[in-house]
Amino acid sequence: MFEMSSAAMASLIGVIVVVGISMVNEDLNVGIVAIAFGVLVGAVFAGLPANKVMQAWPIDLFMILTGVTFLFGIATTNGTMEKLTSNAIRLAGGNTTLIPVILFALITIITTIGPGNIATVTLMAPVAMAIAGRIGMNAFLMTLLVVGAANGAAFSPIAPTGVISTFFLNKMAPQLDLLGQQLGNLDSLAWKIYFNSEVAQIVGNVGGFFLLGGWAWVRRQRHASLSIDEIAPKPEPFNRHQWLTLGCIGMLVLLVILPSLAVTQSLFTPTVMKVIGNGKSANVGAIAFLLATVLLVLNAGDSKAAIKSIPWSVIVMVGGMGILIDVMDKAGGLNALVNIISTVSTPGSISGVLALVTGIISAYSSSSGVVMPMFLPLVPGLIQQLGGGDAISMISSICVGSHMVDTSPLSLFGAVCIACAAESEDKGKLFRQLLVWGFSMAAVGAVICYLFFGVLGF
């Protein structure tokens, strides 16, 4: 057994209490509580004055999340995203079997280019669930597609959840290098985590879609057709401001991706790279603020409406948990948690263990606001304690495990899909189906992560 100091014990208890509060009271922003516990534990047990504790607020992460969500707040509130969605769905014509494919692809693309999973589900769930009622697909199957697509693409380095995982990856990189992980290009690794998430969500939720009735629905619809105007009425053409918004979104994607590609790096001078990043790589938050300002100056967006659309509650949760985890690290609690997890793990099984634990906690708590900030910083210590393991596999398992359970009606996504389901749906039955599916995904996610990341080494 390992020894634990009083400061480490206090910080670990503090984190457990805060996570417990987040699991039983969804209306309370746990980020505020986390800051309070961080101040108390830091001052009383770890000898850290309050002003020192408060300096742990992750300002870089805050600025990136605010910039990205503000830019896409403009795109949502000026009608650009709504028209983009309607035009995409109309590509199905009268072939109803294409509609789930188009919806999955559309949600994946929208999530990837910046709004993230929360904004995309909020935007697309009402549309998708209404369409499900019109094309004879039950709401449970459509929920699997909507949540699976959004969470699969959530770890795009441009999207808020991906920004969080990339932030911690960059923060841990020096420690991981010392442990011989040889990470290489961090931008490429961020996209690898995105790819790993896509694979896991497709296997889990899309696999579930086909096994639990989706394939039967496809067979029934093979000879059916509906007027596309009944499913997605033709929208008005994009106006000048909306075309400008689409151009800015495209520019955001290019300015984030191109500087990291060897064939296009020479196009960006040192001065340009200082404007859009740190001189070496692009900063998606800085680019988003620049492009949002262009839209505001040209009257293409409403700043007040866009500010209201920013997910402040998630940002406060992430920042508050960041402060508490920093205190936990300095007090020795992080090492204590590493020791606890390592006692039931091996380098081969750690991916499955992390996915299972994060999945169970995420079923009741915020995946990106609480679970990721709590578990991602454990990775370097786990590698050292276990004497091996792959950092990207562990990070992927934490990210995937914490998001596989989000179809649960206790999560935002499951609840939104239930609320938007057609009137003909038995919402009590839908609640029970999603509850069973969501909780089962903690175990299924653990198996997927163990096989794909632990055994196969994705």
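List of remarks:
- Summary: within the chain, the longest segment free of GluC sites (Glu not before Pro) located in DSSP loops with at most 10 other C-beta atoms within 10 Å is 4-422.
- Cα-centred dipole magnitude for the chain, charges only on beta-carbon of K, R (+1) and D, E (-1), debye, nearest 20: 600
- Volume of the convex hull of the chain (Cα atoms only), normalised per residue: 152 Å³.
- Linear extension gain, Trp312 paired with Val455, 0.36 nm per residue minus alpha-carbon span: 47.6 nm
- With R₀ set to 60 Å, the beta-carbon distance separating Val294 from Glu3 gives a calculated FRET efficiency near 0.60.
- Signed unit charges on C-beta, dipole axis of region 1-118, positive-most listed residue Thr66, Ile99, Gly38: Ile99
- Separation of alpha-carbon centers, region 407-458 and region 345-392, rounded to whole Å: 20
- Dipole magnitude of region 264-348, debye to nearest 20 (Cβ charges: Lys/Arg +1, Asp/Glu -1, about Cα centre): 180
- Gap separating the Cα centres of region 275-335 and region 90-111, nearest whole Å: 31
- When the Cα gyration tensor is reduced to axis lengths a ≥ b ≥ c, the ratio a/c is 1.5 or higher for region 4-71, and with a/b not above b/c it is classed as oblate.
- Gyration tensor verdict on region 190-279 (Cα atoms; rounded if a/c is under 1.5, prolate if a/b is larger than b/c, oblate otherwise): oblate
- Paramagnetic reach from Ala43 in region 330-347 [backbone N under 19 Å; point 7 Å along Cα→Cβ]: 330-331
- Once exposed loop trypsin sites (Lys or Arg not before Pro) are cut out (DSSP; at most 14 other Cβ, 10 Å), longest piece of the chain: 1-221
- For the chain: relative contact order, % (alpha-carbon pairs under 8 angstrom, 6 or more apart): 25
- Cα gyration tensor shape of region 87-168, rounded if a/c is under 1.5, else prolate or oblate by comparing a/b with b/c: prolate
- As a rough footprinting exposure proxy, the listed residues Tyr450, Tyr194 were ranked by other beta carbons within 10 Å of their own, and the order from fewest upward is Tyr450, Tyr194.
- Placing +1 on the Cβ of every Lys and Arg and -1 on the Cβ of every Asp and Glu, with no other charges, gives region 41-188 a dipole of roughly 300 debye about its Cα centre.
Read-outs: derived from the displayed coordinates by stated rules, not from any lab. All of these numbers come straight from a predicted model, not from anything done at the bench. FYI the Cβ positions are ideal-geometry reconstructions off the backbone, even for glycines, and counts take in every protein chain you see.
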